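Note sheet for the following structure.
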Amino acid sequence: MSPFLDLPPLGAAQFAAIEDKVAALLHTAADVIITQGEALLPLEAAIRGAAHPGSTALNVVTGPYGQTFGNWLRDCGAEVVDLAVPFDSAVSAEQVARALRAHPEIDFVSLVHAEAATGNTNPVAEIAAVVREHGALLMLDAVASVAAEPLLTDAWGVDLCVIGGQKAMGGPAGVSAVSVSDRAWERIAANPAAPRSSYLSLLDWKARWTDAGRTVLPHAPAQLEMLALEACLDRIAADTLDATIARHRAAAAATRAGVRALGTLSPFVAADEHAAPVATTLRTPPGLDAAALAAGLDPALPVQAGGGALAAGMLRVNHYGRAASLDVVQDCLVALGTAVGAAPGAADDARAAAAGAWRAAVAPAG
């Protein structure tokens with residue numbers, strides 16, 4: 001008998017309880033809506049709900065997802081100001097503040113917290129503060145940061161916070177969630193172009209589910225994915241969120257230290273403070289094709305080539321869920337050392353450097 005078949009129905013009470021667990025993870029008292037699809041669904045829903053002709057958006061571009069958001073914003077008829085920085089760095093709060101001063105009409109800001117595709121992370125707390133002072137609405141893509149680094153949705157003033165379960169949470173890709181502040185609901189409700197009677201409609205979910213008391217589901221839920229989401233939320237709670245974040249921080253620090261000791265490869269994001277804990281990206285030297293190198297590794301290792309234009313020159317070591325462990329990091333370093341023809345003893349040096357960085361990262365403060 002398959003454990004995936006003939007399951008009892010997932011009821012409204014359990015669905016609502018899972019939403020509450022997501023809200024606790026996000027440190028928010030705002031409404032949380034779990035959407036039945038990959039995280040691009042609530043990301044697009046949030047933009048199409050909040051952006052409209054006559055609005056002006058600041059779109060922060062630190063990787064490919066920022067580029068996607070700009071396309072959606074323009075498609076909604078919004079005027080878009082792109083703030084782009086090199087993909088191997090992070091944007092600063094001062095850069096955002098300058099853009100807001102230069103364009104006082106900006107009323108919406110889209111920002112990616114961490115870009116798993118490029119390995120960078122942005123200082124959301126500082127950026128959110130200047131966005132809130134300006135009075136604009138802030139949408140945050142936290143798909144790659146949730147459970148890998150602190151995410152204080154309400155304390156930071158994030159109005160629309162989107163997450164997915166498939167990265168640091170170690171859960172499923174087929175469900176996702178968005179928290180919606182009161183300010184965001186007001187803006188979406190006032191937007192005549194906001195989707196209605198649509199899979200992209202947050203207002204439909206609010207009317208038929210949240211405001212209706214969460215007693216009757218508006219449609220059949222993605223049961224297996226919801227159960228997997230609940231399981232990964234329960235695992236994070238059992239491990240504690242602080243410990244989960246610490247593991248991801250340590251995995252990234254260990255990988256960066258090990259790669260520097262290994263030689264040949266180097267961190268794609270040079271500055272440690274700009275590096276995301278969820279994935280470590282590596283730059284390959286000229287003449288060493290990253291896609292070919294990744295294809296020759298054991299597929300069980302969480303290593304892949306970069307996407308798109310980055311495929312030839314960038315590798316990504318993912319620290320998703322249980323892959324954020326010292327053993328996995330060291331296995332990746334040894335495999336990479338063999339693949340690049342590292343000097344004799346370099347793999348041992350890399351393992352030792354990784355272990356030292358891991359211990360330093362998880363050591364209690366003081």
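The values are calculated or read from the model by the stated rules, or taken from the named source; none is laboratory data. Small disclaimer: the values here were computed from a predicted structure and weren't measured. Please note: Cβ atoms are built from the backbone with ideal geometry, for glycine as well, and neighbour counts cover all protein chains shown. For accessibility, only protein heavy atoms count, side chains too; no ligands or nucleic acids. Shrake-Rupley method; radii C 1.70, N 1.55, O 1.52, S 1.80 Å.
Which of the three applies to region 66-107, rounded, prolate or oblate, going by the alpha-carbon gyration tensor with a ≥ b ≥ c and a/c under 1.5 meaning rounded?
Judged from the Cα gyration tensor, region 66-107 comes out oblate (a/c at least 1.5, b/c at or above a/b).
Give the residue from 153, 100, 131 lying farthest towards the positive end of the charge dipole for region 92-164; charges sit on Cβ (+1 for Lys and Arg, -1 for Asp and Glu) and the dipole is referred to the Cα centre.
Result: 100.
State, to one decimal in nm, how far the label point of residue 74 lies from the label point of residue 312, with both points 7 Å from Cα in the Cβ direction.
2.5
If a/c stays under 1.5 just call it rounded; otherwise compare a/b with b/c (prolate if a/b is bigger, oblate if not). Do that for region 298-350, with a ≥ b ≥ c from the square roots of the Cα gyration tensor eigenvalues.
Oblate is the answer for region 298-350, as a/c is 1.5 or above yet b/c matches or exceeds a/b.
Classify region 130-216 as rounded, prolate or oblate from the Cα gyration tensor: take a ≥ b ≥ c as the square roots of its eigenvalues, call it rounded if a/c is under 1.5, otherwise prolate when a/b beats b/c and oblate if not.
oblate
Using a 1.4 angstrom probe and counting only protein chains, how large is the accessible area of residue 338 in Å², to 10?
The accessible area comes out at roughly 110 Å².
If I model a spin label as a point 7 Å beyond the Cα along the Cα-Cβ vector, how far apart are those points for residue 292 and residue 189 in nm?
A separation of 6.0 nm, rounded to one decimal place.
Would you kindly derive the ³J(HN,Hα) couplings of region 215-232 from the backbone phi angles with the Karplus curve 6.51 cos²θ - 1.76 cosθ + 1.60 (θ = phi - 60°), listing them in order in whole Hz, with x for Gly and Pro?
Here the 3J(HN,Hα) series is 10, 9, 5, x, 7, 5, x, 6, 5, 4, 5, 5, 5, 5, 5, 4, 5, 6 Hz.
If you count only protein heavy atoms and use a 1.4 Å probe, how large is the accessible surface of residue 100, to the nearest 10 Å²?
Rounded to the nearest 10, that gives 10 Å².
When the dipole is taken about the Cα centre of region 224-315, and only Lys, Arg (+1) and Asp, Glu (-1) are charged at their Cβ, what size is it in debye, to the nearest 20?
380
So, for the chain, what is the accessible surface per residue at a probe of 1.4 Å, expressed in square angstrom?
For the chain, the solvent-accessible area averages 40 Å² per residue.
Summing -39500 (n - 2.57) over the DSSP H runs of n ≥ 4 in the chain and dividing by its residue number, what mean residue ellipticity at 222 nm do you reach, to the nearest 500 deg cm²/dmol?
Helices in the chain give a 222 nm mean residue ellipticity of -12500 deg cm²/dmol.
Report the charge-dipole magnitude of region 157-266 in Debye, nearest 20, computed about the Cα centre from +1 at each Lys and Arg Cβ and -1 at each Asp and Glu Cβ.
380
Measuring from a point 7 Å past the Cα of residue 239 along Cα-to-C-beta, which residues in region 294-325 have an amide N at less than 12 Å?
319-325
Could you size up the charge dipole of region 143-208 around its Cα centre, putting +1 on the beta carbon of Lys and Arg and -1 on that of Asp and Glu, and report it in debye to the nearest 20?
240
Hey, what angle do you get for helix 346-362 against the long axis of the chain, alpha-carbon based, 0 to 90 degrees rounded to 10?
Roughly 40 degrees between the two axes.
Could you give the angle, 0 to 90 degrees to the nearest 10, between helix 12-25's Cα long axis and the longest principal axis of the Cα atoms of the chain?
60
Identify, among 297, 279, 344, the residue whose Cα sits farthest towards the positive end of the charge dipole of region 242-351, taking +1 on the Cβ of Lys and Arg and -1 on the Cβ of Asp and Glu, with the dipole about the Cα centre.
Farthest along the dipole direction, towards plus: 279.
Mind jotting down the distance between the C-alpha centroids of region 167-209 and region 54-112, whole Å?
Using only Cα atoms to place each centre, the spacing works out to 21 Å.
Under a plain spin-label model, where a point goes 7 Å from the Cα along Cα-to-Cβ, how far apart in nm are residue 24 and residue 212?
If labels sit at residue 24 and residue 212, their model points lie 2.7 nm apart.
Measure nothing but the geometry: give the 0 to 90° angle between the long axis through the Cα atoms of 124-134 and the longest principal axis through the Cα atoms of the chain, rounded to 10°.
In the chain, helix 124-134 runs at an angle near 30 degrees to the longest axis.
For a quick check: with amide H placed at 1.01 Å from N, whose amide H comes under 5 Å from residue 83's, ignoring anything fewer than 5 positions away on the same chain?
59, 60, 61
On the protein heavy atoms, probe 1.4 angstrom, tell me the percent of accessible surface of the chain carried by carbon and sulfur.
57
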